[in-house]
Structure formats: C-alpha cells, structure tokens
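Values quoted throughout were computed directly from the atomic coordinates according to the rules given, and no laboratory measurement underlies them. What you see is a predicted model; the values in this text were computed from it and never measured. Neighbour counts run over all protein chains shown; Cβ positions are idealised from the backbone, glycine included.
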C-alpha cells in the first residue's frame, strides 16, 4: 500500500501542481509530438477534466501549465498556447464545480465509482465538458485568425475528433486514476465554501447547459441553421462562465471508506477493455469499416477506442446495476441498519426493512435472515437488560439507604464518655461494596460502668441493616435493667428470633467495664476472639469458648466471663471482615498477621493503631474492592482517676 508520506504529499498544493504538470508534459509529448495512435489521438486533453475532478483548481493549474509549456516546446508561438492555457484551466476547474454542485442525490461525496448513479453522473459531466470545450475552441478559432486554424464561426461543424478524444479518454483515464487513488486511499481534494456576487441557482445553469448539449448532440435532427448554432455556442460559454463564478456553497468531508466491490469490478472491466482492443484490433477495424465504409483511415483507431470503451461501459453499467440490486444494496442496507440501530428511535422499522431480502434464495437472503434474527435477539436482550438495569438501580438505592442507616446508627464522638480519663475508646468501620450489618456501640448505664459491643449480622442489604438496628436497640435497652450480661443476651436472642422471616442471625461480643476496679465482664455470642494486652506485654487472643449466635435459636443459655484490666491494658475487637480481607490471590489477611501488626504498633495512640492496621490490610489486598465490612473497636483502660467523674 501507499505510504503515509506519499499520501501526505498529495495534500500539498505545490506537489499537486508539480505532479499534474509533469504527467501532462509526458502525455503531451507522447500524443502531440510522437502521435501515438495517429494524428487524431489527443489523449492528453482528457487529463485536464480528470485532474480538475481529483485535485480541484491546483490540479487544473498544473495541467494548464503543462499544456502551455508543451506547446511552447513544440514551437507554437504566442498567443495560441496562452489561450489554450486559459481554456484548459477553465475546463478542468469547471469539471470540479460540476461534480460537487450538480447531479447530486443526498450526500455529496468525493469522486467514486461505487454505484451506477456515480458512473452515469461522471459520464454526463464528461459530455457536458466536451461540449463546453468545443464551444471555447470554436470561439478561439474564429476570433484569432492568426493562429493558423482553418475554422471560423460561419462554417464551423461538429468537431468529431475533439469530442471523441475527450469523452473516450476521460472515461478511460478517469476510471483508472480515480479508482486507483481511492483503492490506494490517496486523498482527493474537496471544495470549501466560496461566496460570490453571482448567486444563481445551480439547477437553472445546469438546465441551460443540458439544452445546449442536447442541441449539439442532435442538431442535425432538429435544424441546420448556422445562426442557431452560433447562439447555442455563445449561450454555452456564458452559462459555463456563470457556473464557474457562481457562489460555491459546498463543503465536503473527504471519505476514508474502503473501496467497494463495484470499484474493483470497474478495474477488471478496464483490463477487459485493454485486452479486448489489443487482441481483437483487426476484428474491430473490419467491423467499423463495414458499417462506415467511407471513414477516414486516420480516424479508425480513435473510433475503435471510442466505440469499444462506450460499449464496454454500457455493458458494465447493466452488470453493475445487477450487482448493486442483488449484492451491494442489500449489504449497504445492512451496514446502515447496524450503524443507525442505536441512533434511530424506531429500531423495529429500521431492522425490518431488511425483510424484503429474506425471500431471496441466495447467500444475501441467508445473510439478511441472520441479521433480522440477530436483531430480534438483541432487542430481546436489550429489553431484559433494561429490566435488569432497573432492578440493579433499585438494589443500589436499597444499598445506599442501608449504608446511610448503618452509618448514622454508629457513634462517632469518641470523647463523649472519656472525660474522666479512666479509659479511651476508638472505633472504625469501612463499608464494603455490598452493604452488610456490621456495627459497634458503647454507652454508660451508671457512673461506674461502660458497655461496649461489636457485632456482625449475616446477609446483605436493607434486611441485614434493619436487623442490625433492631439488635443494637434491644442490647442498649435491656442492659439498663439487667446487670447480668448473659441475661441481656438471652432476652435479646429471644426477641431477635421472633418474626425473623429472613432467618438472619448476628454474632456479638458484649463487654462491661467497671471504671473503678478494672473488672471486665463479657459474653461471646459466636463472634471472633478479641485481642487483649496486659501490662507491657504483647496482644494475645482471649481464648473463650463462644456461645451460639443471636437469633439462630430460641431459649439459648449464654455464659458470662470475667477478666481484670490494669492501667494501660487494652482490648481490641473486630469483625471477620478484617481477618478475611483478601485480593483473591494472597488468601486471607488472617489472625496471625493481625496480631503481628497490632503488636508492632501497640505503643501508639488508639486511632494510630487502627490506622496502621487499616493501611496494612489495604497493602495486603492491593487496595482491591472488599465484599465485607471491616469494623474495629479498641479500648484502653487507664485506671481509676479520683474526682474526675
């Protein structure tokens, strides 16, 4: 394929002028000087419309300069080369204008032969340009007698060689060059808006040109009056000039589409044309002479080329139209349906336009049927996805509400109970992606005791959060009327078990600390073993056989235990979200690592201890998302302080 550097060169104005100039000089030498094909073959004049169509004014300028230099090199004196320079530039640039302002159907596009419509449009503009070119030549021949041309405005006739050269070689060069540039993805120039004082509807000017062209093509069938011929020549020239100077309100984005099947077919047909002419030249020569016996032998090659190219083009159009109808149009409809499926509101109608192809008993029918079936499944899946998304949004709302309830229920002011400096307390909870039922709480029931509790409700979402709220409420209320912790949890258990339709349960570690004596009473209802630090020693797990969880079964007996805390002793409580934190690769965080981390930071403040544990958990889990709450509560007993209550 063509490199990006070469593609970039064709976006430079100077390179376009140089390229078209060089190509025209070469072709001018081959056909004007060497007379390849005979004295009536002027194939280079067809390059002007093609370069104008491909590269706009810069391509037209390069071609016109090549014509000027070529004629000067032949020894033709001014002003003839200069007049040819003006005419060729004008004709080439006019081709560019005609393509983008006339014969348009919907979206304007760069020159491409990807449909019969574009091919017919190209052929129509070629015929128009040949008539305009002929008209300018007639005027130049008549006004400048010193150019040594034999034509005059009074006796001019239809100049067959010029017409056939432009039409024939514009078709051949145009199909070859434009298709090749599109296949190689070399950018073609596109027009920009140009405002002029002349602002005439393009369709009116086009209609006049078509009338003039029709006259010149069929004038012998209409009338043979020289004054009428002169009138149409002048009208053609004036209309062309107006069309060129007219407001050019067109902006086209260059296309980067891959070349189509039809463009590939056109190149194949060009190869067929070339092989047909080369291999059957004598046959075509005899055939043409049999129908036109008095033809000038000098015209034979030109006429054979013209008739052959036009004939093959017409046959190609018929075949290409068949291919469009049976292959490319269905494919484009499927592509457009796929591209616009999510853009249009009426998706069903856009898809079911393809049903007209389902009846085709060929591969296109099978493909169309697959498309429709696919879109039916997509529609079903999208409907299901909408339902799922709606439910997901509902769940998300529930989780948000549950998270808010959970957060609001937990105490945040850790200094409210520690004014006497007999103990310190700090807690932390990091909610998981799925809201659970972790909780912690602490409260005083008299001047000598503080209660603290940590718990973990089974399940997720609103039910677990409500069960958590219910449990916290029951514990605080029953603790006020019962000194025995075992009785508190027995009553809480029975009440939690009632109307427990969700069959939830909660693990609880409930403690009561006496400020004066340091006695710590506690009950473990299926919860993780806490870590306790005595004196200046390390934290160790408080090994106690846990009782059954709360809410799992009615009338359960709970055992109360006691330990004594001295000044400086601490107790650390946590939920299983701490020890079971993981990143799916390193396993669980675990009790051993928790113990090691807290002992490494045992002499720090309570909030710093918890912060260090939290950071170590994040490091271990690589900050990955966790699916269980991480909750911690730590208490430090400082000993009884007189007169502080």
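Tabulated values for the structure
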quantity: log10 of Debye I(q)/I(0), alpha-carbon scatterers only, for the range 414-637 at 0.12, 0.14, 0.17 Å⁻¹; calculated: -0.63, -0.87, -1.27
quantity: Alpha-carbon Rg/Rh ratio, for the range 1-144, with Rh computed the Kirkwood way; calculated: 0.99
quantity: 467, 218 arranged by Cβ crowding within 10 Å, fewest neighbours leading; calculated: 218, 467
quantity: Least to most buried among 549, 250, 506, 523 (fewest other Cβ within 10 Å first); calculated: 250, 549, 523, 506
quantity: In nm, spacing of pseudo-spin labels at residue 22 and residue 279 (7 Å Cα→C-beta vector); calculated: 3.5 nm
quantity: In nm, spacing of pseudo-spin labels at residue 535 and residue 562 (7 Å Cα→C-beta vector); calculated: 2.2 nm
quantity: Sequence of 176, 275 once ranked by neighbouring C-beta atoms within 10 Å, starting from the fewest; calculated: 275, 176
quantity: FRET efficiency, residue 230 to residue 200 (Cβ-Cβ, R0 25 Å, nearest 0.05); calculated: 0.60
quantity: Theoretical gain in end-to-end length, residue 264 to residue 322 [0.36 nm per residue, Cα-Cα removed]; calculated: 19.4 nm
